[in-house]
Amino acid sequence: MNKKFLQQAQQLQKQMMDIQVELESAKTEGSSGGGAVKATVTGKMRLDSITIDPEVISEDVDLLQDLITAAINEALEKAQEMASTRMGAVTGGLNIPGIT
């Protein structure tokens, strides 16, 4: 193999590993109900926290469940977009399965 190609591959691998480390500590937030429910998700798609306005708790349980689901889904979508953007900067927009 071409030595230059090997060096580029190693550099790409290091950059991808660095981004994976960054994503572990990066966080995004999703909210619903005008901010009544907030969910924070890490760049590794792990739920970090949920904040619920106490006034919402006394309301309909079905509504509360919907608000929680919506906030988590929004936060996960933002985290996925963040991960794709950061990885895309390294991979040049190539869609490499298992990377993001």
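The values are calculated or read from the model by the stated rules, or taken from the named source; none is laboratory data. Bear in mind the structure is a predicted one, so any value in this text is a computation, not a measurement. Cβ atoms come from the backbone with ideal geometry, glycine included; neighbour counts cover every protein chain shown.
Here are a few things to note about the model shown:
- Residue match in region 6-19 (condition: more than 26 Å from VAL90 (Cβ to Cβ) and out of contact with any strand residue (DSSP E or B) (no Cβ under 7 Å at 6 or more places or on another chain)): no
- Restricting region 25-41 to residues that are part of a strand (DSSP E or B) and small (Gly, Ala, Ser) leaves a set whose member that is surrounded by the fewest Cβ atoms within 10 Å (Cβ to Cβ) is SER31.
- Condition check for ASP18: surrounded by fewer than 15 Cβ atoms within 10 Å (Cβ to Cβ) and assigned to a strand (DSSP E or B): no
- Unique match (being modelled with pLDDT under 90, in a helix (DSSP H, G or I) and among the small types (Gly, Ala, Ser)) among ALA70, ALA75, ALA83, ALA79: ALA83
- Of the listed requirements (1) part of a helix (DSSP H, G or I); (2) touching a residue at least 12 places away in the same chain (Cβ under 8 Å); (3) polar (S, T, N, Q), THR51 misses just one: (1).
- Here the condition is being exposed (fewer than 11 other Cβ atoms within 10 Å of the Cβ) and without any contact (Cβ under 8 Å) to a residue 24 or more places away in the chain; of GLN13, GLN7, it holds for GLN7 alone.
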